[in-house]
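First comes the structure, then the notes that go with it.
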Amino acid sequence: MRVLLVHPPQPQARAQRELENLMPPLNLLYLAAYLRREGHEVKVLDLYAEPRGPAEELSAMAGFSPEMAGFATYPGSIDEVYRLSAALKTASPKTFVVLGGLYASYLPEIALSQCPADAVVMGEGEATLAELAGRLAGGVSPAGLTGLCLRVPGGFSRGAPRPPLPGLDALPWPAYDLINFDAYRLPPTRAVTGGRVSSVLSARGCNFNCSFCAHHYGYACHVRVRRPEDVVEEMAHVAQTYGVKEFRFEDCAFTADPSRAEKICGLLKERLPGLAWNCDVRADTASDRLFAAMRAAGCSRVFLGVETGSPKLLGAPGANKAIRLDQVRAAVRLAKKHGMRINCSFVLGLPGETRQTARESLDFALELDPDYAMFSVLMPVVGSSIFDQAVKEGKIDPAAYRGGHYLAAYSGAGRVVPMCDLPAEELVALMLAFNKKFCSRPAYVLRRLLAVRSAAELRSLAWGAAHIFAR
């Protein structure tokens with residue numbers, strides 16, 4: 001069976017795009033590899049990395065003559081998925097269209113009611129999508145398929161939930177040969193080499209249950225890991241085959257299991273000396289030994305979600321972050337000690353946020369003085385407990401809500417859903433003021449300029465400055 005997998009475009013201003021991680025869509029590449037192993041012919045169309053006009057989009061989709069087409073869904077681009085799926089259905093009515101990903105998995109009936117797709121794959125997709133393709137190829141009805149929500153006459157029918165795969169080592173490596181590596185890049189906060197980049201995943205799921213995040217959805221806060229040897233072997237293959245010089249670990253928190261992270265670092269140092277990579281870290285797992293091992297293995301950029309500088313909010317149910325400010329201080333100090341640039345993110349508008357707690361976040365960011373700090377306004381994410389709370393309180397209509405990109409608040413307060421007593425307009429004003437305050441310090445500006453190593457980095461920094469100071 002010919003299967004088309006589509007990564008949808010993301011409507012956004014150019015400055016926002018310049019600041020994005022524009023990385024290979026591992027979710028689709030894993031699906032593609034799994035389907036090919038089952039004997040299907042697969043094409044991946046990444047319209048996010050390589051956007052096109054509507055006519056070219058349709059030509060690229062329909063020209064493959066897909067018998068089944070799968071679209072990844074994200075809250076910020078769900079309307080683009082609806083548009084693309086409708087266009088494909090009009091041009092190719094017999095193509096079986098299926099949606100997957102966070103938005104459709106969490107709201108399958110709503111997604112199907114708003115576009116002509118035939119089904120939604122709920123949760124982890126490899127086994128469900130392959131079984132669906134097998135049934136369609138064999139002329140067997142997909143009704144009752146585990147993990148599938150199917151359009152049926154008069155409504156929709158959900159199959160039983162499909163448990164996550166028991167392990168990840170049996171999965172084939174992502175189908176990297178189906179993408180154009182030259183279409184991807186890292187933003188200046190993470191890039192090192194300026195060469196080709198790639199994503200890599202060493203674990204799925206998240207141990208934690210932060211209220212504003214949906215990474216735990218579908219995994220019940222359970223993490224499944226790959227063998228360190230297999231992870232590094234994959235990275236070596238990608239580096240040697242496609243000329244990739246730099247990797248981003250897409251794990252929710254690469255350091256969640258320090259001993260395993262150290263094992264991967266030891267293998268990277270041994271097998272791929274000089275390779276650059278970056279990852280997300282948790283403050284409560286940072287240690288001198290771990291950060292030293294990471295730096296020795298090529299890690300030069302780390303991202304730390306601080307979220308708030310208010311001790312009151314940090315451990316409260318409104319955030320449920322389960323870290324302490326002293327742990328954050330230690331993690332930032334260790335990153336600096338070992339020569340790794342550190343990017344700290346803060347979110348304004350958590351439940352219980354006040355002007356005082358917001359100011360504590362700014363003061364904490366100035367105290368930490370990381371290489372980069374980014375303040376954004378809370379956007380309830382589909383699949384998070386804050387989203388459920390907003391729905392329960394009548395602040396969100398799930399059928400109409402489109403979520404928002406974490407930078408979307410720069411476009412105004414219209415899409416902000418306040419989850420605290422501060423109004424949307426004030427939260428946006430605080431975000432703008434805090435980012436300007438952090439980035440306009442003379443010593444900070446000088447340090448950033450002195451750290452520039454390429455014209456591309458300087459250009460990206462200029463876009464970042466335009467994004468922050470344009471309003």
Fill in the blank from the handout: Computed about the Cα centre, the charge dipole of the chain from +1 Lys/Arg and -1 Asp/Glu charges at the Cβ has a magnitude in debye, to the nearest 20, of 940
Fill in the blank from the handout: So the FRET efficiency between Ala400 and Arg355, C-beta based with R0 = 25 Å and rounded to 0.05, is 0.25
Exercise for the section: Among Val244, Cys210, Val452, pick out the residue whose Cα is farthest towards the positive end of the charge dipole of the chain, where Lys and Arg carry +1 and Asp and Glu carry -1 on C-beta, about the Cα centre. Expected result: Val452
Handout entry: All-pairs Cα distance distribution in the chain, expressed in whole percent, bin size 20 Å
Key = 23, 59, 18, 0
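Can you list which of the trypsin sites (Lys or Arg not before Pro) found in the range 21-115 are DSSP loop residues with at most 12 other C-beta atoms within 10 Å?
Numbers: sites: Arg36, Arg37, Lys43, Arg52, Arg83, Lys89, Lys94; in loops: Arg52, Lys94.
Sparse-neighbourhood loop trypsin sites (Lys or Arg not before Pro): Lys94.
Would you mind computing Rg(Cα) / (2.2 N^0.38 Å) for the range 296-447, counting N as its residues?
Details: Rg = 16.1 Å, N = 152, 2.2 N^0.38 = 14.8 Å.
Dividing the Cα radius of gyration by 2.2 N^0.38 Å gives 1.08.
How high is the FRET efficiency between Leu165 and Ala322 when r is their beta carbon distance and R₀ equals 35 Å, given to the nearest 0.05?
Working: r = 27 Å, r/R0 = 0.76.
That gives a FRET efficiency of 0.85.
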Problem - Label-point separation, Thr193 to Ala465 (7 Å along Cα→Cβ), nm - result: 2.9
Problem - Charge dipole of the chain about the Cα centre (unit charges at C-beta), most positive-ward option of Leu58, Thr146, Leu129 - result: Leu58
Exercise for the section: Please report the Cα spread of the range 410-460 along all three principal axes, rounded to whole Å, starting with the longest. Expected result: 43, 22, 13
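Here, each number is a calculation from the coordinates, and none is a lab measurement. For clarity, every value in this text was computed on a predicted model and none was experimentally measured. Here the Cβ is made from the backbone with ideal geometry for all residues, glycine too, and neighbour counts use every protein chain on show.
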